[in-house]
Amino acid sequence: MLNTGLLKILTQSSLGVVLLTAVNIAAPSASLAQRQPVSPNRRPVLPNTQLTTPTTTTPVGTNIDTNYTLGGGDLIRVNVFEVPEYTGEYQIPPGGSINLPLIGSVSVLGLTTEQAADDIAQRYARFLKRPLISVNLLSPRPINVFVAGEVTRPGAYTLSLQGGAGNNPGVQYPTVLAALTTAQGVTLAADVTQVQLRRKLGRSGEQTISLNLKELIQTGRIGPDITLRDGDTIVVPTATTFNVAEARNLFAANFASDPTKPRTVAIIGEVNRPGSYLVSAGSTDGQGGGTVGSGLPTLTRAIQLAGGITPQADIRSLKLRRPTRIGTEQTIDVNLWQLLQSGDANQDVIVQDGDTIVIPTATEINPAEATQLATTTLSPTSIQVGVVGEVKKPGTVEIRPNSSLNQALLAAGGFNDARAKSGAVDLIRLNPNGSVTKRVVQVDFSQGINEKTNPILRNNDVVVVSRNGTARTGDALGVLFNPIGSVFGILRTIFSGF
């Protein structure tokens, strides 16, 4: 459509006839920015808010400036009506200035096509009477944006336009969600209720709006998914609090990080194999048992990979430490007992790359709870304990988690009654910190499971059953009267395991 200024001119009797023969009206995409004839003695008045806009913060639901501003890489056409030799196409260089006939260098950087047309008309007004100028965008530059904060890969990204080009309404600009997806999604430490979009306005202004992506998860709507413009910055802030239920919803969103990507997690404390593990969806239980759980990379899956909890684990007070993009650390309290008792799946937190899981030691062990925990997937299917010395089947035995000393001795065939010192045994334990402890247990199975006379064993414990006095005396006499036989007996003992 022709603009108002041109229509006014065309309505004049004599001048209108001339212009109708000279102007090519068949170009509907032309944007004639000049709304009033420009007098050589009067410069056109440009709205101040378009060229110098102060920094503002606009809440969701209000209008954001979606005007396209020119920049380096755009291909434009400058039409000077009635002067075809001044009309031409220009690729805007990085500096933003184009060189026009008669008037020379003109900066169009940061201007809309209408603002650029007004500025060029103002300059031509010194040489032409009532110049009519239009600026058309023929081919827009790629959209360069910066994504910062709680995303998997912060940084600068170039996003392409889809569909038509220039002023063609078929052009589809990339959206905020597309930019987040390109940055491989938001992290689980993100506060998606206050995502910020910062946009430059004109040559010196800036507009900041806040987006609540939580509304998208809950209702499927966030208002318009705001389309991006070149130079936009998207900032995803770090959450100050953590909600396990909301974290699961965020994990399932299409703008979250890839759910199938393995994540490296450290697990320390009361597990059988502390260390660093690669946790992924559908990973195994770490004991050859196939896939476990719901297929999500969760805290319980990490525990299973670490060999399960020890009998001394306090599963009510687990802590998950999560690093953030701003250099701080989120601390998340987890109660797995609540998961076991009420089925609260939210307690089974989805882990993220770099997480550290801390499983503390319980200050008091409840035997009934320990027995119940031994039957859950948090505990290993079995543990290995060495029983050596005067038992009927010395060696390594496999027993259920939270099994007692009595059960390990029974798995080894029981005491060798004629030779065993059944009143006391030695318990040797390799501690998580690498130290080794040894203590004497005064055996009394009549008192049930307790730490003094019938303790619960841990993985890799060693129980040593010594010889009684009669056996020691007999062995000494055997060495005295049959030294050669004793030597061969010692050799058989040494090499029996080979």
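Quick check: residue separation of Asn243 and Thr66 times 0.36 nm, minus the Cα distance between them. What number comes out in nm? Before the final figure, lay out the partial values.
On the way: separation 177, 0.36 × 177 = 63.72 nm, distance 3.47 nm.
Contour length minus Cα-Cα distance gives 60.3 nm.
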Local electrostatic count, Arg467, Cβ distance below 9 Å [Lys/Arg +1, Asp/Glu -1]: +1
Surrounding net charge for Lys392, when Lys and Arg each add one and Asp and Glu each subtract one, Cβ distance under 13 Å: 0
Alpha-carbon Debye profile of the range 88-143, log10 I(q)/I(0) at 0.13, 0.21, 0.22, 0.26 Å⁻¹: -0.32, -0.81, -0.89, -1.22
Charged-residue dipole, Cβ positions (Lys, Arg, Asp, Glu), the range 263-373 about Cα centre, Debye nearest 20: 340
Within straight-line cross-link reach of Lys319, lysines at Cα separation under 25 Å, skipping those fewer than 8 residues along the same chain: Lys261
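Net charge near Gly110, counting Lys/Arg +1 and Asp/Glu -1 over other residues with Cβ under 9 Å of its Cβ? Could you put the intermediate results ahead of the total?
Values: positive: Lys200, Arg203; negative: none.
In short, +2.
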Virtual spin-label span in nm between Gln91 and Ala418, 7 Å along Cα→Cβ: 10.0
Candidate lysines for bridging to Lys129, where Cα separation is under 28 Å - those fewer than 8 sequence places away on the same chain excluded: Lys8
Separation in nanometres of the label points that stand 7 Å from Cα toward Cβ, at Lys438 and Ser342: 4.9
Set of lysines near Lys438 by C-alpha distance (under 21 Å), chain-local residues within fewer than 8 positions excluded: Lys421, Lys452
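Starting from the Cα-Cα distance between Arg126 and Glu451, subtract it from 0.36 nm times their residue separation and give me the gain in nm to one decimal.
Working: separation 325, 0.36 × 325 = 117.00 nm, distance 10.05 nm.
So the extension gain works out to 107.0 nm.
Antiparallel as a % of all DSSP beta bridges within the range 263-373, to the nearest 5?
Numbers: 18 of 22 bridges.
Percent antiparallel among DSSP bridges in the range 263-373 is about 80.
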Rough spin-label spacing in nm, given labels placed 7 Å along Cα→Cβ, for Ala368 and Glu82: 10.0
Kirkwood Rh in Å, taken over the range 143-252 so that all alpha-carbon pairs contribute: 14.7
Student exercise, the range 383-467 dipole from Lys, Arg, Asp, Glu Cβ charges, in Debye to nearest 20: 120
log₁₀ of I(q)/I(0) at q = 0.19, 0.23, 0.25 Å⁻¹ - the range 383-467, Debye sum with one point per alpha carbon: -0.76, -1.14, -1.34
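Å³ per residue of the Cα convex hull, for the range 263-373? Display every interim value, and only then the final one.
Working: hull volume 10.9 nm³, N = 111.
Per residue, the Cα convex hull of the range 263-373 comes to 98 Å³.
Any read-out appearing in this document is the output of simple, stated calculations on the displayed coordinates, not a laboratory observation. As the structure is a prediction and not an experimental result, all values here were calculated from the model. Neighbour counts run over all protein chains shown; Cβ positions are idealised from the backbone, glycine included.
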